[in-house]
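In what follows, a single structure is set out as structure tokens and then discussed.
Every number here is computed from the coordinates shown, using simple stated rules; none is lab data. Everything numeric here is computed off the predicted structure, so don't read it as measured data. Note that each Cβ is placed from the backbone with ideal geometry, even for glycine, and that neighbours are counted across all protein chains shown.
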Amino acid sequence: MGVHDASTPRLKMAGICKRFGPTVALGGVDLEARAGEAHALIGENGAGKSTLMKVLSGAYQADSGEMWIDGTVYQPRNPLDGRERGVAMIYQELSLAQHLSVMENIVLGNEPCSGPFMRWKDIRRIAGEALAHVGLETLPLETRAGALSNAKQQLIEIARSVATGAKILVFDEPTSSLSRQDIDNLFRLIRELKEKDYAIVYISHFLEEIQEITDRFTVLRDGESVGNGVTAEAAINDIITMMVGRDVDDLYPRSPRHIGGRVCETRHVAGAAKPADVSLDLHRGEVVGIAGVVGAGRTEFLRCLFALDPIRSGDVKIASIDGTLTPRRLWNAGVGIISEDRKREGLATALSIADNLTLSSQPFIITSTWQETVCRSWIEALPIKCASPFQAVDDLSGGNQQKVAIARLLHADVDILLLDEPTRGIDVGSKAQIYQLIDELAAGNPEAGVKPKAILVVSSYLPELLGICDRIGVMCKGKLGPLKAVGDVDEHSIMLEATGAGADEPKDGREG
Amino acid sequence: MKEKIVKTISKAGPFIALLFVFGLFASLGGSDFRQWGTMNDILMLSVIVGIAALGATLVIISGGIDLSVGCTIAAVTVVIARMFNMRLGDSYLIEQFPILWPLCAMAGGVAFGAAVGVVIGSSVVGHIGRAAAVILGLLVMVWLRSGADWPLFVCIPLGILAGGALWFLNTISIKKTPLPPFIVTLGLWASLRGTAKWLAGGTSVYVDVSEVNGKAIWLNTIMRDIKVGDMILPMPGVWMWGLLAVAMGLMLKYTRFGRHIYAVGSNENTARLCGINVEKTKILTYLVAIACAGLAGVLRFAWLGMGDPTTDIGTELLVIASVVIGGASLNGGVGGIGGTLVGTLIIMIVYKGCTVLGLQNFVQEIVTGAIIVAAVTLDQIRHKKAD
């Protein structure tokens, strides 16, 4: 690991503030990254990491605060400006032009030209050199970018950044869609880049990765930098405490639950590609969790169960429905689902809270008075922070958006709730409220005549599953293992099972 | 409070534009423009585009588009003219009740539009076989009528039977492959125009709309001013346009179907997740929308007094422009009937205003184009501010 003179940091950000209307996204953030080091930026979703990086890249302008690169003031007006000063972003979602060749992608926006004509010879040379930097010398330059794997595309993005003269590379969740082998490759490359004196800002939810690859870290919470230090000297637990800022045990309330009759039964369910074999029982008054790594087939199983994707084989009995399952019949029978992808599937974000909330169960004639009455009660009960029920869902924060999605299920008065990553991308406060709500729904209220509900949760965040569930099953490569009582499992045993009996390193401490 | 005012103004954007355009021509055109006759002309000019645009509003809100409106209108004029010349009036019933004839013509036109709508809707959701079934049904009708010369009341049920049989057979056997509505209606834009020419025998179909078997009928009066003493009231077509607008507006705002159109246009995946039958909603949307185009075709026939396969070339663009000026988004999920009405009126005020000012046709076209781009630009700025 390169240790360099630290008198002038490669990048220095001081007192960065950014507001969006009344919301304070960043309230004075400091960050220093030195040449030749990898600096981890840690924080929960919504802590302000992406906003900070957008300020760094020039996509946003800070309201106040200053930035320096190598000691000179840096004030990017737009991302192009940022790129010219040597700041390059490697995003989670790949940003290559899928139909263009590898070499065209590398020089895109910086094509060497004589007048209007591309100098293909120079392009080949530049692209070849850039690929050599990332260990892809053998890749034919004409390959179409879209034909490459995610991991290779990511390397080409890095190559592009190096070719355009970047000095600061920002990696935003680079490993989320990579296999262990690809991750090792990436880390080898990052170490090489460190030795070549690049400054690296590394954002990840995986604390083990951060310990493996970064030298120092900064923790963000609610838009403020709450701690920093040398990675090797910090314990994971201390970092988590800094991130969360509260005692985690209070997050998960647990009322006495009374297990009732069976409401859902699946036997050897298999979908088109995934899942492969899922058998489970779900009863009233219990919360069942499905753990597993990304891509294990958990979302696909819920989609099969909700008739959004076809079932190839196996039996499903749910909520006493006879015959073919359709989403409409499931809603009518008292089954509701929350999608893992709020923006693309869960909510019609351009429509109002009222429209979204009532979409699954509407009378034939709809008046705004009816919508208002219905929504008011849920807005107060959850509570959803909004100006009016007719506000667009777009205007709400992630947590409040998710509560709208949950309110849709409550309004439809469902008995069986299928929740796919119910707390993904929302703040801790909203999470706590959702955990409490799940507990109340599972416990029911016999005195008020509210029956307990059955809840099936898919989540990648293990502490959450362990906190709210009664039984947990682990899915691995499309197969669901036996459901076990929550007292009989821990994070370690679950990760062991999720990754195929210890073939992979366990990965806990992952956020939403 | 301030936010509320800004919101109201931004919502009323198209209306403000309408007032502005109207005020501009009212002050430039002087008393030539500011008279009832001119207003009435503007309404008259607006009716056909306006009615088709009501339907197109639904399609665009649902996230689709219809490029074949003009061709549907042309085909409907020919279909009605051919029905006319089949001496349908010979039948005993119509002899006794001549009012049935214009009603039949209207129903025929609207039904043809609805059939085209089902073809487009089915293709868009991927039931190619169903689209083919409807086309087959229509072809059987045409062939039995003009080839075998069977009476119409036999041809229509047989056509429906043939199409219906294929409809139910192929739901089992043909795989779903959704097509983009732009492509489907671009194809129909060409084929439907060709079909109109084929049905018309390559030329205009002349008929005498004023009477059937010596008895006066009122189909031609739909597009004639109503004279009450010295007063001139707008033609019945204008009233139909108004009533239809109210009905569609209520449907979009207050019925489940209307809300589902918005939901499907805004986010199809969400709609599916919430148990909405997306395919059915889309097909119904196209059916209702292009039935409107069928009605516009009936009015065009009443206006021309003949079946003209080359009429309404370019109308589809005026229709889309009306909807877009009215604030609808081509991405779906946004739009409304009020806006579309205003959009149609703006286009026609510019048209009539330029005529009154003695400006040439090209001025009107340039101005209309500028208004379309300006309207959408303002809309985008508005949305950006909202973020």
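Each 10 Å bin, from zero up to the one with the longest distance, holds this percent of the alpha carbon pairs of the range A:18-163: 10, 33, 31, 20, 6, 0. For the set A:LYS54/A:LYS194; B:LYS227/B:LYS352; B:LYS253/B:LYS352; A:LYS385/B:LYS280, the pairs lying more than 28 angstrom apart at their alpha carbons are B:LYS253/B:LYS352; A:LYS385/B:LYS280. Sequence-distant contacts, meaning Cα pairs under 8 Å at least 6 residues apart, place the relative contact order of chain B at 34 percent.
For the residues A:CYS469, A:CYS17, what sequence is obtained by ranking on other C-beta atoms within 10 Å, fewest first? Show your work: numbers first, answer last.
Numbers: A:CYS469 26, A:CYS17 17.
So the ranking, lowest neighbour count to highest, is A:CYS17, A:CYS469.
Looking at chain B, what % of the alpha carbon pairs are farther apart than 32 Å?
Numbers: 27274 of 74691 pairs.
Value for chain B (Cα pairs over 32 Å): 37 percent.
Straight-line reach from A:LYS479: taking Cα to Cα under 13 Å and skipping same-chain neighbours fewer than 8 places apart, the aspartates and glutamates in range are A:ASP277, A:GLU300, A:GLU497.
Counting only Cα atoms, the size of the range A:304-434 along its three principal axes is 46, 37, 23 Å, in decreasing order. Panel values: chain A, Kirkwood radius from alpha carbon pairs, Stokes-Einstein at 4 °C and 1.567 mPa s, translational diffusion coefficient 52 µm²/s.
Give me A:ILE353, B:ILE135, A:ILE90 sorted ascending by neighbouring Cβ count inside 10 Å, so fewest comes first. Before the final figure, lay out each step's value.
Numbers: A:ILE353 28, B:ILE135 19, A:ILE90 24.
Result, fewest neighbours first: B:ILE135, A:ILE90, A:ILE353.
May I ask which of A:LYS317/A:LYS451; A:LYS49/A:LYS431; A:LYS152/B:LYS176 have a Cα-Cα span longer than 25 Å here?
A:LYS152/B:LYS176
For chain B, the dipole from Cβ point charges (+1 on Lys and Arg, -1 on Asp and Glu) about the Cα centre works out to 1200 debye, to the nearest 20.
Over the C-alpha trace of the range B:308-363, radius of gyration and Dmax come out as 13.3, 40 angstrom. Excluding residues on the same chain fewer than 8 positions from A:LYS343, give the aspartates and glutamates whose Cα lies under 14 Å from its Cα. Leaving aside aspartates and glutamates fewer than 8 places away in the same chain, those within reach of A:LYS343 are A:ASP394, A:ASP395, A:ASP420, A:GLU421, B:GLU268. Eigenvalues of the alpha-carbon gyration tensor of the protein assembly as shown, scaled by 5 and square-rooted, set the equivalent ellipsoid semi-axes at 57, 35, 27 angstrom, largest first. Each Cα pair under 8 Å and six or more residues apart adds its separation to the average, and for chain A the resulting relative contact order is 15 percent.
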